[in-house]
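Coordinate-derived values only; no laboratory data. Note that the structure is predicted; figures quoted are calculated from it, not measured. Don't worry about glycine lacking a Cβ; one is built from the backbone with ideal geometry, like all the others, and counts go over all protein chains shown.
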Amino acid sequence: MHFKLIIAFVNHNKTDKIIDAARKEGATGSTIISQARGEGLKHNRTFLGLSMDTPRDVLLLLVEQHLARSILESVAKAGEFNRDDQEGIAFQIDVEDAVGVDHQIKALETTVERKL
């Protein structure tokens, strides 16, 4: 079985909605890194030297390669990434190898067979 890693930088108030959408498309779990900061095309605003950033979460989803594109699209839709440039981004990268996922492979086999 081959995997992709979806990495998403999202507004913290949309994390649960995005994870739910990813699970509906076949994601079997995620890792959430809270309180990340980032900067896009425009510099972040400050007030008296204090940053006025919206808290961000980094979502890491190790997914089966055949499910990756639909999960990526569901993340973008749930996160409303196309609404404006501050909503978030997501991308996927190839995973050469993974260990510790044997318990998920049986569930993934059934899900992938249904989707294909």
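List of remarks:
- GLU73-VAL99 FRET efficiency (beta carbon distance; Förster radius 35 Å; 0.05 resolution): 0.80
- Sparse-neighbour loop sites [trypsin sites (Lys or Arg not before Pro); region 83-116; at most 11 other C-beta within 10 Å; DSSP]: ARG83
- Inter-probe distance in nm under a simple model that places probes 7 Å from Cα toward Cβ, at MET1 and ARG83: 3.3
- Theoretical FRET efficiency, 1/(1+(r/R0)^6), r = Cβ-Cβ of ASN13 and GLU113, R0 25 Å, to 0.05: 0.10
- Peptides 92-105, 65-78, 21-34 ordered by average Cβ neighbours within 10 Å, highest first: 65-78, 21-34, 92-105
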